[in-house]
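Since every read-out is calculated from the coordinates, none of them should be taken as a lab result. Keep in mind that this is a model prediction, so the values were computed, not measured. Ideal geometry is used to build each Cβ from the backbone, glycine not excepted, and the neighbour counts take in all protein chains shown.
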Amino acid sequence: MHMFKSFNVRAGIVLAVLLTGLSVGVRAQQMLTLEDAIAIALENNYDIRLAESDSTLLGLDYSYRNVVFLPRLNATAGTVWTSNNQQQEFTDGTERKGDVFTNNINAAVTLNWTLFDGLKMFALKKKAEEYTRLGSLEIKNQVVNTVAEVINTYYIIVRQKQQLKAIEEQMSVSQTRVDLSKRKLEIGLGTRTEYLQSEIDLNAQKSAKLHQETYIIELKERLNQRINPTPAGQENVMNTDYEVSDTIPINFDLTLDEIRQKLEETNPQLLLGRKNIDIAGLSLKEIKAERYPVVQFNSAYNFSLTNNDVALNPFLPLTNQNSGFNYGFSAAIPILNYRNTDRLIKQAELNIGYQNLLYASERSQLHLNVINAYNTYELQKEALALEESNILLAKENVSITLETYKLGSATFIQLREAEKSLEDAYDRLIAARYNAKLAETELLRLKGELVK
């Protein structure tokens, strides 16, 4: 995970600052930048940590990849105590009776070394290596998706913050309209309905502001869940008392050729697909090895000791000890297994075909998604440019209408329409900015270059 090391170092610093500030009751809001949010998410996000855990398990298997070439050495030892009541009668009429206590001690060391198994051991080693690479790709895929979620969640907060500022600006205009309608009513040039409607409109905007502030808090909680700012095993102490950026920066220079360039070499999903094809091929080699004999070198050292406390028969020993060393070769040759190996080989071949079809499908879908995302990106750029020019017109229209309303040349309805046009223009402008950022983020996510 060296590619994320700088983010993780920054995450620890940012997390310490945020938690320290909150624990001492700092009233001023802390600034949480997008880079800070991404750094904390890379450090603590549950999905990333789960992917890392899976990759660690695969890495553990990889560390034992060469074990398949080594011999297996086992040792056994045991002792048995036996008590027997013996009665013997010989041909000369002699009889012997008595209790015999026997102690048997056995020990052995055995070695089994597979010399040839149809190259199955080589396939297993290579498979462990490929699974490790697969785990790394799964981490990268999860990181890219998590970073995309963090970016989108962060900027939707910025979007709603801009929406809040737009409401406050419109409240300023509405307050001016309330003051003007009240003054006109007092001097007999206006009507009470105009004044009441102005108050109603202003109160509606105040209500919208309250709802907007609550919505921003909810979104911050959602971002908290994405980045998981609290270290594992600790109670969540980070609340929503932090500030975010005021702007949504957009890269207007992305091109379709730039996104398509080496797309299949950088998209994590396609890299995962190709790695699954490689693993399926190794599984086929592993199964085909079952057709070949298995040749092993076998060796053992054995030791046994028997102790008798008495010997009723004088020709039987009181102590009997044996030890010895043996070695040799063995071969297990498959002859008949009811064509089970053939069945497994066909299944493995079908799996390779399935993985290739799945890769081709994902590749086709990726190129379609890139084209659609780029078209959306271009559309949102044009919409943003249009709305940025339109907001100037709407502001100017409100300013002129407000001045003419003061002079009595514009009607109350005309001023309300101008304010409504400004409100709609703000909504479209803020939405266009956010949608353009979404399209940019999606293009980079598909490319696999959100985090380098």
Report task. With a 10 Å radius around each residue's Cβ, average the other Cβ atoms per peptide and rank 331-339, 142-150, 43-51, highest first. Result -> 142-150, 43-51, 331-339
**Report entry** Estimated Rh, segment 37-87: Kirkwood, alpha-carbon pairs, angstrom
**Finding:** 16.5
Report task. Give the residue from 383, 131, 287 lying farthest towards the positive end of the charge dipole for the chain; charges sit on Cβ (+1 for Lys and Arg, -1 for Asp and Glu) and the dipole is referred to the Cα centre. Result -> 287
Query - Rounded to the nearest 20 debye, dipole of the chain from Cβ charges on Lys, Arg, Asp, Glu - result: 640
Query raised in the report: Cα atoms only, segment 399-452: Rg and Dmax in Å?
Result: 19.9, 61
Report task. Any aspartates and glutamates with Cα under 14 Å of the residue 127 Cα? List them, leaving off those in the same chain fewer than 8 positions away. Result -> 61, 278, 286
Query raised in the report: Hey, fewest Cβ within 10 Å first, where do 182, 127 land in order?
Result: 182, 127
Report summary line: For segment 130-202, one quarter of the surface area of the C-alpha convex hull, expressed in nm², comes to 5.7
Query raised in the report: To the nearest 0.05, what FRET efficiency results for residue 404 and residue 260 with a Förster distance of 56 Å applied to their C-beta separation?
Result: 0.55
Query raised in the report: Farthest toward the dipole's positive end in the chain, which of 178, 268, 351, given Cβ charges of +1 (Lys, Arg) and -1 (Asp, Glu) about the Cα centre?
Result: 351
Requested in this report: Evaluate the relative contact order of the chain (contact order divided by residue number), counting alpha-carbon pairs under 8 angstrom at least 6 apart; express in whole percent.
Outcome: 22
Report task. For residue 184, go through the lysines and keep the ones whose alpha-carbon is under 26 Å away, minus same-chain ones fewer than eight residues off. Result -> 206, 395, 406, 420
**Report entry** Antiparallel bridge percentage (DSSP; both residues within the chain; nearest 5)
**Finding:** 95
Query - Total formal charge among the other residues, if their Cβ is under 10 angstrom from that of residue 162, Lys/Arg +1 and Asp/Glu -1 - result: +3
**Report entry** Convex hull volume per residue in cubic angstrom - Cα atoms of segment 331-431
**Finding:** 151
Query raised in the report: Relative to the longest principal Cα axis of the chain, at what angle does helix 5-23 sit, 0 to 90 degrees, rounded to 10?
Result: 60
Report task. Would you order 113, 81 from fewest to most other beta-carbon atoms within 10 Å of each residue's own beta-carbon? Result -> 81, 113
Query raised in the report: Taking other Cβ within 10 Å of each residue's Cβ, how do 303, 412 sort, fewest first?
Result: 303, 412
Query raised in the report: Mind checking the angle between helix 268-288 and the chain's longest principal axis? C-alpha axes, 0 to 90 degrees, to the nearest 10.
Result: 20
Report summary line: For the chain, the longest principal axis of the Cα atoms and the Cα long axis of helix 34-44 enclose an angle in degrees, to the nearest 10, of 20
Report summary line: Once the dipole of the chain is set up from charges on Cβ (+1 Lys and Arg, -1 Asp and Glu), the residue from the list 145, 337, 225 lying farthest towards its positive end is 337
Report task. On a C-alpha basis, how far is the centre of segment 377-413 from the centre of segment 139-153 in Å? Whole number, if you could? Result -> 38
**Report entry** Distant alpha-carbon pairs in segment 306-389 (separation over 16 angstrom), percent
**Finding:** 80
Query raised in the report: To the nearest 20 debye, what charge dipole does segment 77-197 have about its Cα centre, counting +1 at the Cβ of each Lys and Arg and -1 at the Cβ of each Asp and Glu?
Result: 1220
Report task. Evaluate 2.2 N^0.38 Å with N set to the residue count of segment 84-231, then give the Cα radius of gyration divided by it. Result -> 3.03
